[in-house]
Amino acid sequence: MTDMKLKGFFSRFLIIFCLLLAFFFLFLRFSPYPALYAFKERPISTRIYDGSGELIQIIALENGIRREFLTLSEIPDFLQESFIEAEDRHFYSHHGIDFAAILRAAFQNISEARTVSGASTITMQLARIIRPNQKRTIFVKGREALDALRLEARLSKEEILELYLNNVPFGFNTEGVASAARYFFSKEANDLSKEESCCLAVIPRRPSLYNPITNPENCAKAAAELSRSEGTSIEDFEKACRGASSFSYPFNAPHFVRYLSQLENSPVGKKASLCTSLDLSLQHHAENMLSRAVERYAENRLSNGAILICDTESGKILAWVGSADFFDTAHNGQVDGVLSTQQPGSSMKPFLYALALESGFSPNSVLPDIPMEFGFENLYVPQNFNNRFNGPVRFRVALASSLNIPAVYLLNEIGIETYKKKLSELGFYSIEKADPGLSLALGGADVSIYEMVQAFSVFARDGIFLPLHGIEEERFCDKRKSSHTERLTDSPRRVFDMNTARLLSDMLSDKDSRALGFGYSQTFQTPFPSMFKTGTANQYQNITALGATPRYTVGVWMGNFSGETVVGKTGSSIPAKIARDLLVDLQGSSGKGFQKPSQFKKERVCALSGMKAGPNCPDTVIEYVANEGSISQKEKCSWHSQQGTVYPAEYATWFRLKNRSGQVGDKGSELKIISPRNGSVFYYDESIPAGQQKLIVEASGGSADIARFFVDGKFLEETKRPFVGKVNLTRGSHKIRIECDGEDSEIQILVR
C-alpha cells in the first residue's frame, strides 16, 4: 500500500512538473516581448550605391552610429566561428544559459578573488542589447537570463546569431560586423582574412584596449590566444593589425540621399542596400561645373545654384546637385535647390504654348505682340524683356524668342484654371494653391527645378509624362549581389498629344526662330539636335535653363537662397551654357533627332501673317500645317497686295508707335472700343489740377471715316481715323460710347 501511494505521488508530481514545464515553455514562447519586436524594426545603415555599384553613402543613424546589416549567409563562416569561439563556445548546445560556464566562471572568480571570466552566452548578450541597462544588479541579470530563454524559445540559433552579429557594439559609433569590418579594416566583411576575423572578434570585449588601429599589439595578442588554427603565429595577427586602417565614409550627393530618405515609404533605414540610378562620375562633373560658375560670378552676388539631370526615356535621375557647396553655411548650402521653389520666369512658357496648340491655335497662328492691358480693377500690363513691341508674331517665333505679351495673351484666351489643371497633370503640385493671375504665363508662381525637368522631358518623350525616380528596380545594386526591388513612382500617362510634343520640340530646337529674342547665340548650339528654354525672374534673382534631347534632360537653376538680387544682368546664358555643356558631355558629337509630327506637313507661309504665301508676300517661311486643315487657296495671305501691307485693326495702336510702311485696315470691320477695356477701374489723383486728368480712348472698325464720342450720353467730340478721343476723368461711374455710320460700341469705367 505504501508503495502504491509512493508511485501515485511520483506520478502526480511528474504530471504537475510536465504541466509546469509546458506552461513555462508556452510563457517563454508566447508571452508579450515588445522589446524584441521593436528591436527587429529599428533602423539600419543603408548602403546606397550608384547605377554601376559605386558607393554613394552609408547612412549614419541617430548619434552618428553606423549599423549595417548582413544576412547570416553573407557573413563568412570563419567570421561566425571566430565570434562563437570568443564569446560562447557551446552556443549550439545550450538553450540560452550555459550552466557549465556559470559554474566554471564562479570557481575561477572565487579562486582569483577577482573577475577573471564571465558566463554570458551570445543569447544573453543579445538579450542585453535588446533591453540595455547600465545597472548590473541581480534582478537585471536575472531578467537577461529569462530573456535569453525567451529568445531561444522564439528564434532559431541561426536567427539569434544573425541578430547578434549585426548588432554587437564595437564602440566608436560602430555596431555589427559589417560596419566593424569597414571601420577597422576598410573592408567588406567577406573580404576579411581569418586573422582579421579573429582580431575583429575580440574588439567587443574592450573596444579601446583591443582597437587594432591604436593598440595593434593588444589586439594581436588577444586574437592569437583566441585562435586555434595550426600554423598561425602571433606575427600573423600582428601583421593583420598593422594593416588596419580607419575607413573614410563617402559623403556623395547629400541632397539626393536626403531626398531618398524623405520619400513616402522610403527604403532608406529599412533596406540593407539600395541601388540608385545616379551616375556618380556625372554627379561629380556637374558639381564641379556649378561650383566653378558660382565662383566666377561671385562678384555679381550669384552665390548658389542647382542641377538635375535625368534620362529622358526612362525618367531615371542621373545627377542631383542641390547647391554649389553643401557645407557653405554662409550661403545656405544645405538648402536643396532642386526641391526648393523659385519663380522660373519664361522657362514655364513651353507648357502654356503646348496647351494652346491643343486649344485651337496652330504653328502658323499669329499672336499680337502689342501694347495690351489685361484685367479690370487690378490692371495687368505686361512688357517684353527688351521693352519693344514686335507687332504680329508667328506662334513659333513668340515661343522660341520668349516674348512676354503673346504668352499673357494666350493665357488670357485659354483661361488660368484650365492652364493650372494642365500644370497639375504635369506634376506642378507646388502651384495648386497659388493665385498669381495672368503672371502665371511668365512664370509668376514658385516651382522647383525637379518639377521643371520632370515636365520638360515630356516633349522629347512624345507627350508621355513619366515621374522621375532615383531607385532602381529588379537589379543587383552592389558588388556583393545584394538586391533591392522597390521603385517609388506613379504610372506613366499621356498629358499632351504626340503631335503637340513633337511640334514643341521642333520649335524649341529652331535656332532661326530664336534669333528675334536671342540672336544666333552659340550658347544653344550643339552638334546634335537639342531643345532649350531659359527664364529669368525677380530682377535676375533666379535664372533658369532647361535643355533636352531624346536621351537626356537637364535643368539648371542659379541665384540666391537668401532672396538677394543678382548685381548686374548676368542673364540666363550662364545656366544655359552649363546645360548645353552637360548635354554635349553626355552625348558627345552625335545623337538622334526629334521625331516629326505625323499629322502635320510643311507648307510655305507668309512670315508676317502666317497665311499661305501669296505672290505679294515679301518674306516667306516653311511651317507645319495640319494635314486635314491644309491652308487652302482662299486662305492665301490677305495682308499683302500690290498696294502694300494692310494690318488688322487690332494692330492700330502698335502701328502708330512708329513710322511704319503700310496701313491699318480697320475700316469695314466691327466698330469696337479697344482701349480702355470695359469694366476698367481708375483712381483720381488729387495732386493733378481738375480738368487736366484725361483718359485716352481708342476705337477701331466702322464703315465710315468719321466717328463721334459720347460720355454719359453727352456728345464729347467728333474725330477722323484713327479714332482717338480724350475724356476728362471725374469720380464716379461713366459710360463711354462711340458711333460710326449707324454702328456703336460702349464701355463702362469707374473712377475712384
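The values are calculated or read from the model by the stated rules, or taken from the named source; none is laboratory data. As the structure is a prediction and not an experimental result, all values here were calculated from the model. A quick note on method: Cβ atoms are made from the backbone with ideal geometry, for glycine too, and the neighbour counts reach across all protein chains shown. Just the protein is used for accessible areas: all its heavy atoms, side chains included, with ligands, DNA and RNA removed. Shrake-Rupley method; radii C 1.70, N 1.55, O 1.52, S 1.80 Å.
Data overview
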{"read-out": "Matching option when the condition is open to solvent by 10 Å² or more (accessible area, probe 1.4 Å), under 27 Å from the mean Cα position of the chain (by Cα) and either at pLDDT 90 or above or closer than 25 Å to MET289 by Cβ (or both), among GLU603, GLU564", "value": "GLU564"}
{"read-out": "Residue in the range 133-142 that is crowded, with 16+ Cβ neighbours inside 10 Å and either touching a Leu at 6+ places or on another chain (Cβ under 8 Å) or farther than 24 Å from SER45 by Cβ (or both) present", "value": "no"}
{"read-out": "Criterion: basic (Lys, Arg), surrounded by 13 or more Cβ atoms within 10 Å (Cβ to Cβ) and under 59 Å from the mean Cα position of the chain (by Cα) - qualifying residue of ARG731, ARG737, ARG752, ARG708", "value": "ARG737"}
{"read-out": "Filtered residue count, the range 34-44, keeping only those that are of a type outside the set (A, V, I, L, M, F, W, C) and buried (at least 18 other Cβ atoms within 10 Å of the Cβ)", "value": "0"}
{"read-out": "Matching residues, the range 625-646, being at pLDDT below 70 and open to solvent by 70 Å² or more (accessible area, probe 1.4 Å)", "value": "GLU628, GLN633, LYS634"}
{"read-out": "Output for the range 227-242, where each listed residue is under 30 Å from GLN57 (Cα atoms) and either among the charged types (D, E, K, R) or modelled with pLDDT under 90 (or both)", "value": "LYS239, ARG242"}
{"read-out": "Residues that are surrounded by 12 or more Cβ atoms within 10 Å (Cβ to Cβ) and within 18 Å of THR653 (Cα to Cα), drawn from the range 711-728", "value": "THR719, ARG721, PRO722, PHE723, VAL724, GLY725, LYS726, VAL727"}
{"read-out": "Qualifying residue in the range 333-345 (condition: open to solvent by less than 10 Å² (accessible area, probe 1.4 Å), among the hydrophobic types (A, V, I, L, M, F, W, C) and within 30 Å of GLY463 (Cα to Cα))", "value": "yes"}
{"read-out": "Subset of the range 28-63 (residues that are part of a strand (DSSP E or B), out of contact with any Pro (no Cβ under 7 Å at 6 or more places or on another chain) and aliphatic (A, V, I, L, M))", "value": "ILE48, ILE58"}
{"read-out": "Any pair with Cβ under 8 angstrom, 6 or more apart, that starts in the range 248-263 at a residue that is in contact (Cβ under 8 Å) with a residue 12 or more places away in the chain and ends at one that is aromatic (Phe, Trp, Tyr) and assigned to a loop (DSSP other than H, G, I, E, B)", "value": "PRO254/PHE326; HIS255/PHE326"}
{"read-out": "Residue within the range 301-308 that is of a type in the set (D, E, K, R), more than 25 Å from ALA460 (Cα to Cα) and touching a residue at least 60 places away in the same chain (Cβ under 8 Å) present", "value": "yes"}
{"read-out": "Criterion (touching a residue at least 24 places away in the same chain (Cβ under 8 Å), basic (Lys, Arg) and at negative phi) met by exactly one of LYS667, LYS714", "value": "LYS667"}
{"read-out": "Subset of the range 653-664 (residues that are open to solvent by 90 Å² or more (accessible area, probe 1.4 Å), over 18 Å from LYS720 (Cβ atoms) and either in contact with a His (Cβ under 9 Å, 6 or more places away or on another chain) or in contact (Cβ under 8 Å) with a residue 60 or more places away in the chain (or both))", "value": "LEU657"}
{"read-out": "Pairs where the first residue, in the range 11-40, is more than 13 Å from LEU151 (Cβ to Cβ) and the second is of a type outside the set (A, V, I, L, M, F, W, C) and open to solvent by less than 60 Å² (accessible area, probe 1.4 Å), C-beta under 9 Å, 6+ apart", "value": "PHE27/ARG150; PHE30/ARG154"}
{"read-out": "Single match in SER273, SER246, SER291 (criterion: more than 24 Å from ALA180 (Cβ to Cβ) and small (Gly, Ala, Ser))", "value": "SER291"}
{"read-out": "When residues of the range 538-560 are limited to those that are open to solvent by 10 Å² or more (accessible area, probe 1.4 Å) and closer than 16 Å to ALA445 by Cα, the one modelled with the highest pLDDT", "value": "GLN541"}
{"read-out": "Failed condition for LEU149, given (1) touching a Gly at 6+ places or on another chain (Cβ under 8 Å); (2) at pLDDT 95 or above; (3) not small (Gly, Ala, Ser)", "value": "(2)"}
{"read-out": "Filter result (more than 19 Å from PHE184 (Cβ to Cβ) and either of a type in the set (A, V, I, L, M) or open to solvent by less than 30 Å² (accessible area, probe 1.4 Å) (or both)) within the range 45-73", "value": "THR46, ILE48, TYR49, ASP50, GLY51, GLY53, ILE56, GLN57, ILE59, LEU72"}
{"read-out": "Residue satisfying all of: in the range 74-98; of a type in the set (Asp, Glu) and in a loop (DSSP other than H, G, I, E, B); modelled with the highest pLDDT among these", "value": "ASP88"}
{"read-out": "Entirely in the range 393-443, the helices (runs of 4 or more DSSP H) that have 1 or more residues that are open to solvent by 30 Å² or more (accessible area, probe 1.4 Å) and not acidic (Asp, Glu)", "value": "404-414, 416-425"}
